[in-house]
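The values are calculated or read from the model by the stated rules, or taken from the named source; none is laboratory data. In this text, all values refer to a predicted model and were calculated from it rather than measured experimentally. Neighbour counts run over all protein chains shown; Cβ positions are idealised from the backbone, glycine included. Note: areas computed on protein heavy atoms with side chains; ligands, DNA, RNA excluded. Shrake-Rupley method; radii C 1.70, N 1.55, O 1.52, S 1.80 Å.
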Amino acid sequence: NSRNGISIIGVNGWNFGPADLSNFNITETSLLVLSSTNIHLTGINASGSAGYTGYGIRVSQTSNSVISGNTVHNRIVGLQIDGNTNFSNNIIDSNDFSNNTYGIGSYAFSLLGDGNSITNNNLSNSKLLSLEVCGDDSLIISNNDYTNSANGISLRSFNGWSFGPLDLSTYNIPGVGIQFSYSSNVSLSGINASGSGKTGYGIFLYEVQNAT
């Protein structure tokens, strides 16, 4: 019944997990990693109750780390990432962040850093948005599952980035397949954002300049 669970702050080179935090009724953040490097998070269950409260895992201002094989359901955000340009060279792979309001979220005005990869994650059944990333001009996104999420991908504050190919047509996303906002000099190629039933938007550009 605590508001927050575990905080890892200013640590270099540590493996954490497995750990089951799902039974402790933590209402805000189950696991926080802040200002750390070379952290490996694996086998952590930070799911919440059916009330969709708080963050499962939040990683901020952290670099050269691996987030893999973790599970978060029934949270506002499964994995929250942010960093004031200090979130870089991190691998987010093969996690189950399904059935949250946001699968992976990022603060709108807290740019990450460069060199992060988000691959092979289950982000399905997100109530609002599967994946949100702000400001990583060498980001890698591939093989994530967005099935039955309200909206697919939101990318904000990118400059000089090429994205694609990507096939979103099989995920039954009724809202926006992929959105770019407040970005410039981006290239989109080979994206299939088709849907069924003529619902929503395939590709949505907002305040974007010099896109091809």
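Take every Cα pair under 8 Å in the chain that's 6+ residues apart, average their separations, divide by the length, and report that relative contact order as a whole percent.
On the way: 708 pairs, mean separation 24.4, N = 212.
Worked out over the chain, it gives 12 percent.
Would you please give the FRET efficiency between Ser35 and Ser162, computed as 1/(1 + (r/R0)^6) with r the Cβ-Cβ distance and R0 = 45 Å, to the nearest 0.05?
On the way: r = 31 Å, r/R0 = 0.69.
After rounding to 0.05, the efficiency reads 0.90.
If contacts are Cα pairs under 8 angstrom and at least 6 residues apart, what is the relative contact order of region 66-179 in percent? Could the numbers behind the result be given before it?
On the way: 338 pairs, mean separation 24.2, N = 114.
Over region 66-179, the number comes to 21 percent.
Along the Cα-to-Cβ line of Lys127, 7 Å from the Cα, sits a label point; which residues in region 67-86 have backbone N less than 20 Å from it?
71-81
Residue by residue, what Karplus-based ³J(HN,Hα) values in Hz, rounded to whole numbers, does region 3-16 have, using 6.51, -1.76 and 1.60 with θ = phi - 60° and x for Gly and Pro?
So the Karplus estimates, Gly and Pro as x, are 6, 10, x, 10, 10, 10, 10, x, 9, 10, x, 8, 9, 10 Hz.
Using Cα-Cα distances under 8 Å and only pairs 6 or more residues apart, what relative contact order does region 142-191 have, in percent?
Values: 89 pairs, mean separation 24.4, N = 50.
Here the relative contact order equals 49 percent.
If you count only protein heavy atoms with a 1.4 Å probe, what accessible area per residue comes out for the chain, rounded to a whole Å²?
On the way: 9160 Å² over 212 residues.
The answer is 43 Å² per residue.
If you stretched the chain out fully between Ile140 and Val66, how much longer would it get, using 0.36 nm times the residue separation minus the C-alpha to C-alpha distance? Please report the intermediate quantities before stating the final value.
Details: separation 74, 0.36 × 74 = 26.64 nm, distance 1.43 nm.
Full extension from Ile140 to Val66 adds 25.2 nm.
Give the peptides 148-161, 93-106 in descending order of average Cβ contacts within 10 Å, highest first.
On the way: 148-161: 20.8, 93-106: 24.5.
Highest mean packing first, the order is 93-106, 148-161.
How would the chain be classified by its alpha-carbon gyration tensor: rounded, prolate or oblate, with rounded meaning a/c under 1.5 and the a/b versus b/c comparison settling the rest? Don't jump to the answer; show the numbers that get you there.
Values: a/c = 2.07, a/b = 1.37, b/c = 1.51.
Judged from the Cα gyration tensor, the chain comes out oblate (a/c at least 1.5, b/c at or above a/b).
R0 = 30 Å: FRET efficiency of Tyr206 with Asn172, Cβ-based, nearest 0.05?
On the way: r = 23 Å, r/R0 = 0.78.
Given R0 = 30 Å and the Cβ-Cβ separation, E is 0.80.
Per 0.36 nm of contour for each residue apart, how much would the distance between Asn15 and Asn148 grow if the chain were fully extended, relative to their Cα-Cα spacing?
Values: separation 133, 0.36 × 133 = 47.88 nm, distance 3.32 nm.
Roughly 44.6 nm would be gained on extension.
Could you please state how large a percent of the accessible area of the chain is carbon and sulfur, counting protein chains only and using a 1.4 Å probe?
Values: 4310 of 9160 Å².
Reported share for carbon and sulfur atoms: 47 percent.
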